[in-house]
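Below you'll find the structure, written out as structure tokens, and then a few comments.
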Amino acid sequence: MDMQVKKKKLGLKEKYAHMTRGLDWQPSYQTKEAVFPYATYEGIKVHDWDKWEDPFRLTMDAYWKYQAEKERKLYAVLDAFAQNNGHLGLTDARYLNAVKLFLTGISPLEYMAHRGFATAGRNFPGVGPRVACLMQAVDEIRHSQTQIHAISNYNKYYNGFHDFKHMLERVWYLSVPKSFFDDAFSAGPFEWMVAIGFSFEYVLTNLLFVPFMSGAAYNGDMATVTFGFSAQSDEARHMTLGLECIKFMLEQDPDNVPIVQKWIDKWAWRGVRVLSLVSMMMDYMLPKRVMSWKEAWEIYFEQNGGALFNDLARYGIKMPECLSRASIDKEHASHQTWSILYQYGGAAAFHTFMPSDEEMDWLSAKYPNTFDKYYRERFTYWREQEQKGNRFYNNTLPMLCQVCQVPMAVTEPDNMLQISYRESDYKGEKYHTCSDGCKQIFDDEPEKYIQAWLPVHQIYMGNCFPEGTDPTVEGFDPLAKVLEWYHLVPGKDNMDYNGSEDQKNFNAWRGLATKND
Ligand code: FE
Ligand code: ZN
């Protein structure tokens, strides 16, 4: 008689251990150091990789099933949106300029995040982080794909959506988000995890995705809302991974604490500078506004971020000092950034415009300490000039910060009459940065930042013209050539929204959709 042996079922934790730790092996004909050359040079000491916990214990099998379900829903919404001319349900085509900024400035970064996590996963000797990085690498490529698909529908009807990848690598203000990721990608795997896994995902994502997605919802953009939800549901995992990595480093060795603190300081500040673009999007680019930049900063950074740093205090981690400046800058960031983009709207990959009277009243109410005092008059003047046919475009090129690459048009926190800039000397050359935060980053690794590809310097060096351009011919127009090299069509993709093709088309189509003509 056969004995019936009851098979013991494995618990989730054991099953997961078999599929991850159990599949790892020790190299035999190469040393571990040779296989993982980047694991140690940043100075992070790890004594026991098995202490790394994967809070989600996600298997590939479960991952594909869950993500496939989300994809099906997302693409059903995108189809419905496209087939029902969803774009005509937007509040106003002015809104699409925020989407253009997102597509050119953010979606390609998702792809960079994909590459970065794949690389970090390859470089970590531990199994826990390797598996977690693999999952996130797959998430990130999905994010870039779904964003491009969702937004591609607008490319059929509106200008400026045609060449985002090309633009990311060339257009001046896009070097702000691009240099952030280039800096992270060219760092070691642990710094990458602090830069993207922690600062970007944990501290900044809420300030980027939540306002963008609620902005989309408020303005009738169901396509963007849906990819936002699809991506946001991965974010919980990403944030946990970033925080897990920080805690792991801090718990492994006390020598890691100052290194991690330095990275947190650096990446918090770099993140704040990238967020300048989000601040102007929230306060100036949405026809229907969600909340002011200042309010978003207070809720998502000062409150939520504050709680996070209280949690990290037990490891000896302090809130980055540079962030106290950000809490003064929150009163100015959006107004100053929008002023830059408005003036240089002749070289931007989207349309700019001055706020209406009602919008200025909203800004005064949201910024009672600064808007009327410093900005209303300037904007009213620019608007009057535009109405008289003298729309102001700045034709000079601004100096850029060597680190964050934001044009130096931001004022000192305590002096509105003084542009904020700092100088460093290195190997007989002067380098300029926009703030103490950026100067500190530069001085810490000058050899890295002197290599920065600064769009303005590159234009002056003649590196931003189409091949075969002869700048010595009579009547040479450098701006026109730079725009050609950007793949921007002057007057169509850029300049003021008022009078643009996008504005005319949207109004005409919307008219056809709502009444007999
Ligand atoms: Fe992502
Ligand atoms: Zn800077």
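Between residue 186 and residue 487, the modelled label-to-label distance comes to 2.3 nm, taking each label 7 Å out from Cα in the direction of the beta carbon. Got a sec? Which residues in the stretch 186-205 would a label at residue 42 touch, if it sits 7 Å along Cα→Cβ and we count backbone N under 16 Å? What the label zone holds, given the 16 Å backbone N cut-off, is 186-203. Note that the stretch 308-369, at 4 °C in a medium of 1.567 mPa s, gets a Stokes-Einstein diffusion coefficient of 88 µm²/s from its Kirkwood radius over C-alpha pairs. For the stretch 350-434, the direction-averaged projected area of the alpha-carbon convex hull comes to 7.7 nm². Of interest is the spacing of the C-alpha centroids, which for the stretch 457-500 and the stretch 151-218 amounts to 24 Å. Remark: for residue pairs 73/165; 266/294; 8/51; 45/70; 366/448, the C-alpha separation exceeds 29 Å in 45/70; 366/448.
Protection proxy ranking for 202-214, 501-513, 9-21, using the average of other Cβ atoms within 10 Å per residue and placing the highest first: 202-214, 501-513, 9-21.
Indicate the helices, whole DSSP H runs only, in the chain that combine a mean Kyte-Doolittle hydropathy of -0.5 or more with a Cα extent along their long axis of 30 angstrom or more. Answer set is 127-155, 222-252, 256-280.
Note on the chain: Cα Rg divided by 2.2 N^0.38 Å, N the number of residues, gives 1.04. Packing order of peptides 215-228, 71-84, highest average first: 215-228, 71-84 (average count of other Cβ atoms within 10 Å over each peptide's residues). I want to verify the translational diffusion coefficient of the stretch 254-371 in µm²/s; compute it with Stokes-Einstein, Rh as the Kirkwood radius over Cα pairs, at 10 °C and 1.306 mPa s. Approximately 100 µm²/s, per Stokes-Einstein.
What separates the Cα centres of the stretch 338-371 and the stretch 427-453 is a distance of 30 Å. Helix-only arithmetic for the chain: the sum of -39500 (n - 2.57) across DSSP H runs with n ≥ 4, divided by the residue total, places the mean residue ellipticity at 222 nm at -16500 deg cm²/dmol.
Taking Cβ atoms as reference points and 11 Å as the exclusive limit, the residues near residue 413 contribute a net charge of -3, counting Lys and Arg as +1 and Asp and Glu as -1. Residues 485, 338 in ascending order of nearby Cβ atoms (within 10 Å, fewest first): 485, 338.
Take the alpha carbon gyration tensor of the stretch 52-143, find the square roots of its eigenvalues, order them as a ≥ b ≥ c, and report rounded if a/c is under 1.5; if not, report prolate when a/b exceeds b/c, else oblate.
Oblate, since a/c reaches 1.5 and b/c is not below a/b.
Taking a Cβ cut-off of under 13 Å around residue 169, the surrounding Lys, Arg, Asp and Glu residues balance to a net charge of +1, with basic ones at +1 and acidic ones at -1. Defining a contact as two alpha carbons under 8 Å apart and six or more residues distant in sequence, what relative contact order in percent does the chain show? Relative contact order here is 17 percent. If the segment from residue 32 to residue 166 were pulled out straight at 0.36 nm per residue, it would be longer than the present Cα-Cα gap by 44.3 nm. The simple Förster model, with R0 at 60 Å and r as the Cβ-Cβ distance, assigns residue 377 and residue 8 a FRET efficiency of 0.20. Between residue 453 and residue 233, the modelled labels are 3.6 nm apart [label points 7 Å from Cα along Cα→Cβ]. When you have a sec, figure out the Kirkwood radius of the stretch 210-292 from all distinct Cα pair distances and drop it here in Å to one decimal? About 15.2 Å, per the Kirkwood formula over Cα pairs.
Could you give the length gained by full extension between residue 318 and residue 480, i.e. 0.36 nm per residue of separation minus their alpha carbon distance, to one decimal place? My answer for the length gained is 53.5 nm.
If I take R0 = 30 Å and measure r between the Cβ atoms of residue 469 and residue 157 in this structure, what FRET efficiency does the formula 1/(1 + (r/R0)^6) give, to the nearest 0.05? After rounding to 0.05, the efficiency reads 0.40. Size descriptors for the stretch 114-252, from the alpha-carbon set: Rg then Dmax equal 16.2, 54 Å.
With a Förster radius of 51 Å applied to the beta-carbon distance between residue 82 and residue 426, the computed FRET efficiency rounds to 0.45.
Gyration tensor over the Cα atoms of the stretch 167-325: the corresponding equivalent ellipsoid has semi-axes (square roots of 5 times the eigenvalues, largest first) of 28, 17, 15 Å.
Bear in mind that the values in this text are calculations on the coordinates, not laboratory data. Worth saying up front: this structure is predicted, and the values here are computed from it rather than measured. A quick note on method: Cβ atoms are made from the backbone with ideal geometry, for glycine too, and the neighbour counts reach across all protein chains shown.
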